[in-house]
Number of protein chains: 2
Amino acid sequence: MTAKLYCFGESGNAYKAALTMELAGYDWQPLYVDFFNGEARSPEYRALNEMGEAPVFVEGDLTLTQSSVIQLHIAEKTGKFLADDRNEMLRWMFWDAQKGTGQQGGLRFLMNFLPEDKRPQEAIKWLKGRVLTALATLEAHLAGRDWIVGDAPSIADFACCGYLYYPEPFGFERNDFPNISHWLDGIAALPGWKHPYDLMPGNPSDRA
Amino acid sequence: MTAKLYCFGESGNAYKAALTMELAGYDWQPLYVDFFNGEARSPEYRALNEMGEAPVFVEGDLTLTQSSVIQLHIAEKTGKFLADDRNEMLRWMFWDAQKGTGQQGGLRFLMNFLPEDKRPQEAIKWLKGRVLTALATLEAHLAGRDWIVGDAPSIADFACCGYLYYPEPFGFERNDFPNISHWLDGIAALPGWKHPYDLMPGNPSDRA
């Protein structure tokens, strides 16, 4: 049975789930969510996910939301990308939800997808400081490491990288974070890796 | 063996772990982290938790960080407060990390613990909007429910309530959220429940 992922290219959270499925060789297909025209706020979408967010994973009778929960399901079902140390893997996934991509996604939205005259500059400045502080934590952790947990890629890697391949600026410059840059190259070298805009439908040029 | 929790009263994230242990009847004791004098940013503390955050849980050779990971450990070890539907429980814990307490904690800090002349008012306004939008999602979910998942309290409840008993204002008014208020009353009625300032050392009056 082909799993369906409600997603859109600009969503780094959807990318985490899509990338995990793609690298695990999972049978899946994307369903486009027209986020920028408000689809995720519609009553129909809320009936699918009361949180009003992408991604949503549907496989037969099973509906899952929250990218990390979808990642766990794929990893447990396929036996791939589960770190031996579950606590350490989950620790980085929860850190990521709060301090990593959880903040990066909001900042990228404010800096790129809001109309220029509506961007809250002081909030952007504050949030950018938080994002860079958190990235420094990840940079320090990745010193001398190829992967976030242990010696192999896990869903913790595919969570924390969720927004870091996008071209839209949000304060993250690879040159400032050499360990993160090395780690991102390692993920991108995995067989089957795709950039978010190549893996999911929808990207900013559609609205240009 | 008595577990130790590095914590401080003002930390709603520490409260999640402390409350879970207290309600589960776990053998634990708090160790005060002098967060407001920078202890969590010290090299010694970073050696304990590279993320520079509270809480940290230590039990013999096992050190855990991230409140949700600690909660999972306690719940699995005691068999208490694990919802039957693990995916649904984790879904709300990940939602909470990003949209719930993950945002509330930062907002409460900006509005109460920063010196008045250093509070970024536009960032506060933006973040308050985000916090209230997320609380509306929780309010809608709790309509007709006593607990976040199924028919019994779980660690998802003790995660999502982490900042909601504090007296310091951050835009959350119980009268505006009757379902959340009912749910908080239910948690507070569980045998052994304590307010964060009664469960952990340190509170704002220490610095008054």
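Quick notes on this one:
- Pairs spanning more than 22 Å between alpha-carbon atoms, out of A:Lys99/B:Lys16; B:Lys118/B:Lys194; B:Lys16/B:Lys77: B:Lys118/B:Lys194.
- The contact between chain A and chain B removes approximately 3400 Å² from the accessible area (both sides summed; 1.4 Å probe; ligands, DNA and RNA excluded).
- Per-residue mean of C-beta atoms belonging to partner chains within 10 Å, peptide B:84-92: 4
- As a calculated quantity, the FRET efficiency between A:Glu76 and A:His195 at R0 = 25 Å, using C-beta atoms, amounts to about 0.40.
- Value of Rg/Rh across the stretch A:165-208 [Cα atoms, Kirkwood radius]: 1.03
- If the Kirkwood radius is taken over C-alpha pairs of the stretch A:1-119, then at 25 °C and 0.890 mPa s the Stokes-Einstein diffusion coefficient equals 161 µm²/s.
- Mean sequence separation of contacting Cα pairs (under 8 Å, at least six apart), scaled by the length of the stretch A:86-188, corresponds to a relative contact order of 36 percent.
- Legend: calculated FRET efficiency, A:Arg145 to B:Leu31, from the Cβ-Cβ distance at R0 = 35 Å, rounded to 0.05, equals 0.75.
- Plainly put, the tip 7 Å out from Cα toward Cβ on B:Glu168 is 3.3 nm from that tip on each other copy, the closest given first.
- Top of B:Gln98, B:Gln121, B:Gln71 by mean-square fluctuation, Gaussian network on chain B, Cα under 10 Å: B:Gln121
- Fraction of C-alpha pairs exceeding 39 angstrom in the protein assembly as shown: 14 percent, rounded to a whole number.
- Label distances, nm, B:Ala143 versus same residue in remaining copies, Cβ-directed 7 Å point: 5.2
- Interatomic Cα distance distribution for the stretch B:94-202, bins of 5 angstrom, percent: 2, 12, 21, 24, 19, 12, 6, 2, 1, 0
- Rounded to the nearest 500, the 222 nm mean residue ellipticity of chain B from helices alone is -13500 deg cm²/dmol, with -39,500 (n - 2.57) taken per DSSP H run of at least 4 residues.
- Per-q log10 I(q)/I(0), chain A, q = 0.08, 0.19 Å⁻¹ (Debye; single scatterer per alpha-carbon; no solvent): -0.26, -1.52
- Sites B:Ala208 and B:Val58, calculated FRET efficiency, Cβ-Cβ separation with R0 41 Å, nearest 0.05: 0.85
- Rel. contact order, % - alpha carbon contacts under 8 angstrom, at least six apart, chain B: 30
- Label distances, nm, B:Asp61 versus same residue in remaining copies, Cβ-directed 7 Å point: 4.3
- B:Asp198 contributes about 120 Å² of solvent-accessible surface, heavy atoms of the protein only, 1.4 Å probe.
- Averaged per residue, the stretch A:1-136 has 40 square angstrom of accessible surface, using a 1.4 angstrom probe with ligands and nucleic acids left out.
The values are calculated or read from the model by the stated rules, or taken from the named source; none is laboratory data. In this text the structure is predicted, and so the values were computed from the model without any measurement. Quick reminder, even Gly has a Cβ in these numbers, built from the backbone with ideal geometry, and neighbours come from all protein chains shown. For the accessible areas, the whole protein counts, side chains as well, though only heavy atoms, and no ligand, DNA or RNA atoms are used. Shrake-Rupley method; radii C 1.70, N 1.55, O 1.52, S 1.80 Å.
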